[in-house]
Every structure is written in structure tokens, then in C-alpha cells.
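Remarks on the structure that follows.
The values are calculated or read from the model by the stated rules, or taken from the named source; none is laboratory data. This one's a predicted model, so the numbers in the text were calculated from it and none came from an experiment. Cβ coordinates were reconstructed from backbone atoms using ideal geometry, including for glycine residues, and neighbour counts include every protein chain displayed. When the accessible area is computed, the model is the full protein with side chains, heavy atoms only, and any ligands, DNA or RNA have been set aside. Shrake-Rupley method; radii C 1.70, N 1.55, O 1.52, S 1.80 Å.
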Amino acid sequence: MDITITFQQILSLLFVIYIIIVVGVIVLDNRTPESTFAWLFLMFTFPILGFIIYIMFGRDHKAFSNEAKLARIGGLSSLYGQVIQPLRDVQEKYAEKIRLEKPESYRQKLLSLVTRNSPSLITAYNRVEILQNATEKYPRLLEDVRNAKSSINLLYYIWSEDEFTIQLKDALIERAKAGVKVHGLADASCLNVSKQYLQDLQDAGAQLLPYKAYMKIGYLHTLNYRSHRKMVIIDGKIGYIGGLNLDKEQLPGGNRLGSWRDTHLRIEGEAAHALQATFAVSWYNTTKEKLDTEEYFPKMDLSQLPFTPVQLTLGGPDSQWSAMRQLYFFMIMTAEKKVRIQSPFFIPDESLLEAIKSAALSGVEVEIMCSKHGTAIELAHRASFTYLEDVVKAGAKVYLYNKGYFHSKTINVDSQVCAVGTANFDIRSFSINYEAMAVIYDAETARELAADFENDMKDCDVFSLEKYEASPLWRRLLNSTTRLASPIL
């Protein structure tokens, strides 16, 4: 019998095999039915290309990321024994002290959640300063760097070469030559400095490296992960965390919108140890060098510091729980009077969208502030408007900052508890990026942040549902189309 297999039959067989593999892979991910059908539609409509997009952007984040695993198996037991465990040993003591001394700002369940859902540490004795914009942060940072005695550790998402970072480089070089240990990391995709810049630091004994522990050759699916954290630790005693990168866009006149509005924290006290531990893990994952000696975690005179509880919470693609999402969700749902959120753009997942609408419908005053104008991430900006439309219909108030670009990442509940850090209110920050937020259980700090919010309102336009619905159809259609890509924006 003569059996002839045509080329068309071979293609049909390959397509059947492709369908079986695709269905098996996606169904085993146990996504929501809506997400499962959406991905199946994409891969059946665009065979091969759709599957490649799924492998790079759609897979369960826990399947690939390895930062936490590297830290656990990497011999950092001394770090945990000398720094993290002693802080954990006093967790309950600090929690009880918060209950007794700050009942007006205390949220027992929030504290418990943040403790359990991430590598989080409660610290009690801190001096917290809110620094608004680069004009406040950069001079303070430069001063602290120039006064460093033992170590300077910097972790940024973007580190570019500009007028300020050249000054910073010179200060780091001077300190390195004086014997101070200098280590710097920037996300591998956003380290934008010249070879000479790096060489100058290296010649002085300072190190600035791309952080790419999760972006290895042969692992294309990890290319979408980003280290989005921005933190600095000076002498193990002073820490910085917030939204500001080291980039010329943050400088006055450094971007096409003319100015950049952002929020950062300067923290002196125990919270610096929590930030230092986070940096030590990232540094080890990059270099296999341990930074766990006493010079990085010095003893502090806590009697000179006020009782200002700060809890650093971390999130990333290897987190067991969605720490950033849960933090925002719980703070929204526990608000009794008012919740204020600041983020450059607003791309919630379904759970957070429902939380905000439920809070607003229940009578909680929900206020959201975003940037009116987009920058390089124009798609995220456009998708935001469709979600803002949803929450305004539920009674939330939305303010669009129009005096330059808005980049703050904050949440404030009842002016009693607040959080400032690196996580945008978007799905990428909740699931894909490495992020960090400092939760502050202090009414005075929360009231100061609330005052800053009200001051920012002077430079905002109120989002009008009527005006948005009256805007050109093509614009609303474009916004709604970009919303389809919101999980990876």
C-alpha cells in the first residue's frame, strides 16, 4: 500500500500537537477561566507568536524567578542569624508597644498580614522624613554619602549619567578612596552610564553592577522581570526608599513635561537594617559576596530615636504571596473614613478594582491621584483612564496631576497609617517586579503625607466622567484596547 503524506497533512498534525501542548500548559497554570480563555484565544489566533508571548510574559511568576531561592541556599545564614532573627525575636514586643502607645494608628491585622506575607520586619525606633521631589532628596543623599564612615549601598531601578549622578560618582569615589565600602546595583535593563563612569568607580575601589540574577542567558521568560526597588543605606544607620531613581528625568527640566513630582523617605534607625538586609540579598545574588558583618549592621543607640514603627515589606515574582497586592487591598478595605492613593498610573487587577469600588460605595472617601500626562510608558497611561472611569462611577474622586509628571507611590488610610515605596498601583508591580514598601504606623507621619496630598491637589484637574465620556470615540477605543495589555504594562 502506497501511503503518501502531504505537506498539508504534516502541518495539520503539527497544529494538533501544538493545540494539545498549549491547552495542557495553560490549563495546568490554574488561572481564572477568563484569563485562561484569553490566553487560549491569543495563541490560537497567533500560533507560535502567541506562545512565545505567553512564555515571556504570561507564565506563573513563581515558576521562574529565583531571587529568594538563591538567598536561601546561598549561605546567608549568618545574615539571618545576626540581623533578621534578632529583629524577629522582638516582633511581638514591638507589636504590643504599638498597641499600647499608638492605638489611634494601629491596625493589628495589617501588621500581622505584612509580617506573614513577605520577608517583612517590624522596626520600632526610627526618625522618618518625607522628601518630596529630587530637589529635596538629592541634596540630602549627597550630604549623607559625603559623611559616610563605613559603607554605602545603593540599589536603583534606573541609574543614568547626568549632572547629579556625576556629582554622586565623585562623592562615592572620594569615600571609596577613604576606605568606605561602596556597592551599587541598578536593574540590568536600566543601567545607562558610560564605560568611563564605571571605570572611574572601579579604579577607586567602588563597585556598580547590573542586577541580573533573574535574567540569565537561556531563560528568556525572565526578561520581563525588573528590580524596581530604589533604596540607599548609609553606614547601616540611614536608609532611603521611595519612587525617585537616579536619572536626569527627575531633575527640573529633565523631561518633556518640565518637572517631576515624586516622594521618597529618609529613615534613620532600625529600618535601615531591614533595608540593608534587602540589599545584602540582592548583592549576594549578583556577586555571591556576603555583606553580613557588623560594619554593615552596627549597633544603634535607640534612646536617641523616637518611637516611630516602620515595617518594610517586600514583593517579587518569587513571593509565596502577592505581598504588594495584599498590602494595598487590605489597607483599602480597612479604611474607615478616607483612603488616599498616589501612583503615576492606575491599573488594578479585578480584586483591587472591586476593593476600591466597594470602599467608595460603602461611604469611605476614596481619593486617587495619577499623572495627567504620560511619558515613555504611554500605553499604561492610556489604559489607566478606563479603570479611573470605573472607580469614579462608584463614587471615588480622581485627581490628575498636571504640573509635570507624577511618579509618587503612596497610600494613606484615615491619616493614621501610611505606606511609601516603589510599587505602582499596577499589575506589573503587584506580580512581576521586585518591589518594596515602607509601612509607617505613625499618625504624625500619615498626617504630613495627607497635607502633601492636599497641596498636590492645587496642581491637579478633577477627572470628569462627563468629559471623558464626551471625548472622541477613537480615543476611548484606543484606551480600552490598551487595557487588554494591562497585565504586562
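The set of residues from region 112-122 being out of contact with any strand residue (DSSP E or B) (no Cβ under 7 Å at 6 or more places or on another chain) and either at pLDDT below 75 or farther than 13 Å from MET437 by Cβ (or both) comprises SER112, ARG116.
Residues in region 425-440 that are more than 13 Å from PRO344 (Cα to Cα) and surrounded by 24 or more Cβ atoms within 10 Å (Cβ to Cβ): PHE430, ASN433, TYR434, GLU435, ALA436, MET437, ALA438, VAL439, ILE440. I'd like to check something: does region 276-293 contain any residue that is not charged (D, E, K, R) and not in a helix (DSSP H, G or I)? The answer is yes; a qualifying residue exists. When region 353-369 is limited to residues that are open to solvent by less than 10 Å² (accessible area, probe 1.4 Å) and under 14 Å from PHE330 (Cβ atoms), the one that is farthest from the chain's Cα centre (by Cα) turns out to be ALA359.
Scanning region 290-310 for residues that are within 26 Å of the chain's Cα centre (by Cα) and among the charged types (D, E, K, R) yields LYS290, ASP292. Being open to solvent by less than 40 Å² (accessible area, probe 1.4 Å) and touching a helix residue (DSSP H, G or I) at 6+ places or on another chain (Cβ under 7 Å): is that true of ALA446 here? Considered against the rule, which asks whether it is open to solvent by less than 40 Å² (accessible area, probe 1.4 Å) and touching a helix residue (DSSP H, G or I) at 6+ places or on another chain (Cβ under 7 Å), ALA446 comes out as no. Just one of the listed residues (PHE329, PHE307, PHE345, PHE297) is open to solvent by less than 50 Å² (accessible area, probe 1.4 Å), farther than 16 Å from ARG229 by Cβ and in contact with a Ser or Thr (Cβ under 7 Å, 6 or more places away or on another chain), and it is PHE345. Listed by first and then second residue, the pairs linking a residue in region 175-198 that is over 12 Å from ASN153 (Cβ atoms) to a residue that is among the polar types (S, T, N, Q) and surrounded by 18 or more Cβ atoms within 10 Å (Cβ to Cβ), with Cβ atoms under 6 Å apart and 6 or more places separating them unless they lie on different chains, are ASP187/SER227; ASN192/SER160. Somewhere in region 449-471, is a residue farther than 25 Å from HIS373 by Cβ and open to solvent by less than 40 Å² (accessible area, probe 1.4 Å)? No. Taking the conditions (1) at pLDDT 95 or above; (2) farther than 22 Å from ASP262 by Cβ in turn, SER464 satisfies each one other than (1). Among the residues of region 135-158, those identified as open to solvent by less than 60 Å² (accessible area, probe 1.4 Å), of a type outside the set (D, E, K, R) and out of contact with any Cys (no Cβ under 7 Å at 6 or more places or on another chain) are TYR138, LEU141, LEU142, VAL145, ALA148, SER150, SER151, ILE152, ASN153, LEU154, LEU155, TYR156. When you scan region 139-161, how many residues do you find that are of a type in the set (S, T, N, Q) and within 11 Å of MET231 (Cα to Cα)? Final tally of qualifying residues: 1. Taking region 433-489 and the helices (runs of 4 or more DSSP H) fully enclosed by it, the elements with 1 or more residues that are touching a His at 6+ places or on another chain (Cβ under 9 Å) and either closer than 30 Å to LEU111 by Cβ or β-branched (Val, Ile, Thr) (or both) are at 473-483. Taking the criterion of being of a type in the set (A, V, I, L, M) and outside any strand (DSSP E or B), the residues of region 328-365 that qualify are MET331, ILE332, MET333, ALA335, LEU352, LEU353, ALA355, ILE356, ALA359, ALA360, LEU361, VAL364.
Residues that are surrounded by fewer than 19 Cβ atoms within 10 Å (Cβ to Cβ), in contact with a Ser or Thr (Cβ under 8 Å, 6 or more places away or on another chain), closer than 25 Å to MET231 by Cα and not polar (S, T, N, Q): does region 403-424 have at least one? The answer is no, given that none of the residues of region 403-424 is surrounded by fewer than 19 Cβ atoms within 10 Å (Cβ to Cβ), in contact with a Ser or Thr (Cβ under 8 Å, 6 or more places away or on another chain), closer than 25 Å to MET231 by Cα and not polar (S, T, N, Q).
For region 475-483, indicate whether the set of residues that are in contact (Cβ under 8 Å) with a residue 24 or more places away in the chain, closer than 19 Å to ILE341 by Cα and either crowded, with 24+ Cβ neighbours inside 10 Å or aliphatic (A, V, I, L, M) (or both) is non-empty. Among the residues of region 475-483, not one is in contact (Cβ under 8 Å) with a residue 24 or more places away in the chain, closer than 19 Å to ILE341 by Cα and either crowded, with 24+ Cβ neighbours inside 10 Å or aliphatic (A, V, I, L, M) (or both), which makes the answer no.
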